[in-house]
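The values are calculated or read from the model by the stated rules, or taken from the named source; none is laboratory data. These numbers were taken from a predicted model, which means no experiment stands behind them. All Cβ positions, glycine included, derive from the backbone under ideal geometry; neighbour counts span all protein chains shown. These accessible areas exclude ligands, DNA and RNA; they are computed on the full protein's heavy atoms, side chains included. Shrake-Rupley method; radii C 1.70, N 1.55, O 1.52, S 1.80 Å.
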Amino acid sequence: MAPLADLYQLTMAYGHWRAGRHRVPAAAELFFRRGPFGGVFALGAGLAEVLRCLRAFRFSAADVAYLRSVLPSTTEDAFFDYLATLDTSEVTVSAVPEGSVIFARVPFLQVKGPLLVVQLLETMLLCLVNYASLVATNATRFRLLAGPNVKLMEMGLRRAQGPDGALSASKYSYIGGFDCTSNILAGKLYGIPVRGTIAHSFIMSFTSLEEVQPRELLPLAGGKPVDLPALAESWLQRVCELLQTPPEKANRGELGAFVSYAITFPCDFQGLLDTYCIRRSGLPNFCAVALALHQLGYRAIGVRLDSGDLAQQSKEIRRVLRACGAHFQVPWFETIPIAVSNDISEQSLEEFSREGSEINMIGVGTNLVTCPLQPSLGCVYKLVEVNGSPCLKLTEDEEKMTIPGTKTIYRLYDAAGHPFMDLMALEDEPSPSAGQELVVHVLGQLGETSKVVPTNVEALHRMYFKDGQVCEPLPSLSEVRSHAQVSLSLLSPAHRQLHEPQPYLVAMTERLHQLLAELRQASQ
C-alpha cells in the first residue's frame with residue numbers, strides 16, 4: 001500500500017539519500033505530551049493497524065510516478081529507483097500492548113531502522129495512533145462515569161468525521177469500554193455487537209391502528225393467531241384506568257407503530273416513548289403492547305427516551321412499570337430496561353449520577369466520536385538516536401524537550417498493586433528489581449533526586465515487529481477490550497479520577513539524567 005506521508009518526509013528522504021545517510025541506523029519514539037481531557041492517562045490504541053500498515057509498506061510504480069511529478073525536476077532518477085525497493089524488512093517496532101493505560105512523555109511506540117525509513121513512517125504512525133487512542137480514551141471516560149453496570153452504545157456514525165472516522169470511532173470506543181454500536185459495517189468488519197430498533201420517523205409514519213398489516217401474531221407456544229391490534233387496544237383501556245389517564249389522549253398512530261413493530265419483532269420489541277406525550281401517550285401505548293405480547297408469551301426488551309429530563313423521566317417511567325407489573329401480576333415488567341439518548345455528554349452522565357436515575361443503557365454519538373473536549377491527542381514522533389549517538393531536541397520549554405537515547409521503560413507498582421511511576425532507563429542499564437531502592441529524577445523536577453522502592457516492576461514494551469513481519473501474536477478486539485478494563489482497574493482512584501487527578505510520576509534513572517545533562521551542556 002502507498003505510505004501515508006507528508007511531502008516533507010520525501011524531501012528529507014532525498015536529502016538523506018543524496019548525503020549517503022539513508023541507511024544510517026536510527027531510533028524514534030511516539031508519545032503524547034499532556035494527558036487528554038484534563039486527565040493524566042490515555043488508552044493506547046491503533047497498534048494492530050500500525051502493524052498491518054508496516055507489513056504492507058511499499059511504493060508502487062504508480063506511487064513512484066506520482067512522486068516524480070511533485071518532487072523538484074532536479075531529483076535524480078536513481079532516488080526514485082531506490083524508493084521502489086523500499087520496505088520495512090529492517091524496521092523493528094516495540095510497543096506497549098494495545099489497550100494499556102499510557103501516560104504523558106512515555107513512548108507508546110519505539111521504532112528502529114534505517115534513518116530514511118524511520119523518518120518516512122512518522123506521519124503514518126501518528127495518523128493511526130492519534131485518533132484511535134483519543135477516542136478510546138474518551139470512551140473510557142464515559143465508561144468510568146457510567147459505572148460497570150450501565151450498557152453503553154456508540155451511535156455516532158451520522159455525526160463522525162467521514163466514514164473512516166466513524167469506523168475508527170466504533171472500533172476504538174469498543175476497546176474503551178462501550179458494549180455495542182449502531183454501525184452495521186463496524187459490526188461486520190470488527191465483530192462488535194450491533195443494536196438498534198426504531199426512530200421517531202417510523203412512529204410518525206403511522207396515523208391509526210387500521211394501517212397495521214399484518215395484524216395477527218402467533219403465540220410463542222403455538223396455537224391460533226391473535227389479532228394483536230385488538231388485543232393491544234383492550235390492554236390500553238386497562239392501563240389507562242390504572243394510570244388514570246384518558247385513553248383518547250393516547251396517540252393511535254403511535255399505538256399502530258408499536259403494534260406493527262411488535263408483530264414484526266415480537267421477541268425484540270422496544271418502545272420509543274417521546275414522539276408525542278410520554279405520560280399520556282408513549283408510556284400507556286408501550287405498556288399496552290408489551291402486556292399484549294406478554295399474554296402471547298413474549299417479553300418486551302425495553303423503552304427508549306430521546307428528549308427532556310432523562311434522569312427524572314427514567315424514574316417516573318420505572319414507577320409506572322413497577323405499578324403495571326404489580327397490578328397485572330407480571331413481575332418482569334418492573335425490570336424492563338430503560339435506554340436514553342439525546343446529545344449525551346460527560347456532563348449528562350455526571351448529572352445522572354448526581355440526581356439518581358433508573359437508566360440501564362445510554363446511547364452516545366456526537367460527544368464520543370468527535371471528542372469535542374479535545375479534538376486531538378497531540379502525539380509526536382521524535383528521533384532519539386542516530387548512528388549510535390543519542391540526540392536531543394533542546395528547547396526552553398521543558399515539556400517539549402525530548403529525552404535522548406534508546407530506552408527501556410519500566411512501570412513501578414506500590415504495595416496496593418497500583419502503578420505509581422513510569423521509569424525511563426537507558427537500554428543497556430540493568431533492570432530494576434522489586435524491593436530495590438531506586439534513585440530517580442522526576443520529569444518536571446529534574447534538578448532534584450528522589451528515592452523510591454517499588455513492590456513490583458514491569459517492563460512496558462514488547463517487540464511486535466521485526467524482519468518485516470509481526471512477531472508477537474495479536475489479541476482479538478474483545479481481548480484488547482478486556483485488557484483495557486484490567487489496565488484501568490489497576491490505576492489508583494487518585495489517578496483514575498477525571499477531574500483534577502493526582503499527577504502521575506514519570507522519571508528517569510540517574511544515568512539517563514546524566515546523559516541528558518551532558519547533551520544539554522554540549523548544546524549550549
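Take the conditions within 42 Å of the chain's Cα centre (by Cα), hydrophobic (A, V, I, L, M, F, W, C), at pLDDT 95 or above and assigned by TED's automatic domain parsing to the domain that holds Val289 and apply them to Leu217. Does it pass?
Details: within 42 Å of the chain's Cα centre (by Cα): yes; hydrophobic (A, V, I, L, M, F, W, C): yes; at pLDDT 95 or above: yes; assigned by TED's automatic domain parsing to the domain that holds Val289: yes.
When the stated conditions are applied, Leu217 passes them.
Quick test for you: out of Ala288, Ala326, pick the one residue that is in a helix (DSSP H, G or I), hydrophobic (A, V, I, L, M, F, W, C) and open to solvent by 60 Å² or more (accessible area, probe 1.4 Å). Talk me through it step by step, then tell me what you get.
Working: Ala288 fails: open to solvent by 60 Å² or more (accessible area, probe 1.4 Å).
The unique qualifying residue is Ala326.
The residue that is nearest to Gly363 (Cα to Cα), among those in the range 207-221 that are open to solvent by 40 Å² or more (accessible area, probe 1.4 Å) and assigned to a loop (DSSP other than H, G, I, E, B), is Thr207.
Within the range 186-206, residues that are in a strand (DSSP E or B) reach partners that are open to solvent by less than 50 Å² (accessible area, probe 1.4 Å) and not β-branched (Val, Ile, Thr) with beta carbons closer than 6 Å, at six or more positions or on different chains, in the pairs Val194/Gly187.
Counting only residues that are assigned to a helix (DSSP H, G or I) and under 13 Å from Val386 (Cβ atoms), the range 16-41 holds 1 of them.
In the set (1) over 24 Å from Arg33 (Cβ atoms); (2) touching a residue at least 40 places away in the same chain (Cβ under 8 Å), the condition left unmet by Ser433 is number (2).
Taken together, the residues in the range 222-233 that are touching a strand residue (DSSP E or B) at 6+ places or on another chain (Cβ under 9 Å), open to solvent by 40 Å² or more (accessible area, probe 1.4 Å) and either modelled with pLDDT under 95 or part of a helix (DSSP H, G or I) (or both) amount to 0. Only one of the numbered conditions (1) closer than 30 Å to Leu86 by Cα; (2) open to solvent by 50 Å² or more (accessible area, probe 1.4 Å) is not met by Phe465, and that is (2). Within the range 226-277, the set of residues being among the charged types (D, E, K, R) and farther than 21 Å from Arg299 by Cβ comprises Glu241, Glu248, Lys249, Arg252, Asp274. Looking at Ala232, Ala250, just one residue is out of contact with any Pro (no Cβ under 7 Å at 6 or more places or on another chain) and among the small types (Gly, Ala, Ser), and that residue is Ala232. Leu477 satisfies every condition listed in (1) surrounded by 15 or more Cβ atoms within 10 Å (Cβ to Cβ); (2) over 27 Å from the mean Cα position of the chain (by Cα) except (2).
Screening the candidates Thr74, Thr11 for the property of being open to solvent by 30 Å² or more (accessible area, probe 1.4 Å), out of contact with any Gly (no Cβ under 6 Å at 6 or more places or on another chain) and within 28 Å of Lys393 (Cα to Cα) yields one hit, Thr11. Looking only at residues that are in a loop (DSSP other than H, G, I, E, B) and at positive phi in the range 140-185, which one is least open to solvent (accessible area, probe 1.4 Å)? So, considering only residues that are in a loop (DSSP other than H, G, I, E, B) and at positive phi, the one least open to solvent (accessible area, probe 1.4 Å) is Gly177.
What do you reckon, is Val135 modelled with pLDDT of 95 or more, within 12 Å of the chain's Cα centre (by Cα) and not aromatic (Phe, Trp, Tyr)? Give the derivation first.
On the way: modelled with pLDDT of 95 or more: yes; within 12 Å of the chain's Cα centre (by Cα): yes; not aromatic (Phe, Trp, Tyr): yes.
Taking the combined requirement at face value, the residue satisfies it.
Being polar (S, T, N, Q) and farther than 24 Å from Leu7 by Cβ is a property that holds for Thr92. In the condition set (1) among the aliphatic types (A, V, I, L, M); (2) over 22 Å from Val96 (Cα atoms); (3) part of a loop (DSSP other than H, G, I, E, B), Leu474 is compliant with all but (2). Scanning the range 186-201 for residues that are surrounded by fewer than 21 Cβ atoms within 10 Å (Cβ to Cβ) and small (Gly, Ala, Ser) turns up Gly187, Gly191, Gly196, Ala199, Ser201. In this entry, Thr455 is excluded by the filter for residues that are surrounded by 13 or more Cβ atoms within 10 Å (Cβ to Cβ), of a type outside the set (A, V, I, L, M) and touching a His at 6+ places or on another chain (Cβ under 8 Å). Within the bounds of the range 494-517, is there any residue that is in the same structural domain as Ile403 (by TED's automatic domain parsing), closer than 18 Å to Gly177 by Cβ, under 24 Å from the mean Cα position of the chain (by Cα) and assigned to a helix (DSSP H, G or I)? Among the residues of the range 494-517, at least one is in the same structural domain as Ile403 (by TED's automatic domain parsing), closer than 18 Å to Gly177 by Cβ, under 24 Å from the mean Cα position of the chain (by Cα) and assigned to a helix (DSSP H, G or I), which makes the answer yes. Within the range 234-252, residues that are part of a helix (DSSP H, G or I) have Cβ atoms under 7 Å from residues that are of a type in the set (Val, Ile, Thr) and open to solvent by less than 70 Å² (accessible area, probe 1.4 Å) in these pairs: Leu243/Val320, counting only partners at least 6 apart in sequence or on another chain.
Listed here are the residues, each with its yes/no results for (1) touching a helix residue (DSSP H, G or I) at 6+ places or on another chain (Cβ under 9 Å); (2) more than 21 Å from Val386 (Cβ to Cβ); (3) open to solvent by less than 10 Å² (accessible area, probe 1.4 Å); (4) outside the structural domain of His461 (by TED's automatic domain parsing).
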residue	(1), (2), (3), (4)
Leu43	yes, yes, yes, no
Phe59	yes, yes, no, no
Arg68	yes, yes, no, no
Arg105	yes, no, no, no
Gln110	no, no, no, no
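The condition of being touching a residue at least 12 places away in the same chain (Cβ under 8 Å), closer than 30 Å to Leu515 by Cα and either in the same structural domain as Thr245 (by TED's automatic domain parsing) or touching a strand residue (DSSP E or B) at 6+ places or on another chain (Cβ under 7 Å) (or both) holds for only one of Leu377, Leu291, Leu283, Leu310, that being Leu377. With respect to the conditions (1) in contact (Cβ under 8 Å) with a residue 12 or more places away in the chain; (2) over 28 Å from Met401 (Cα atoms); (3) not in a helix (DSSP H, G or I), Thr74 lacks only one, and its number is (1).
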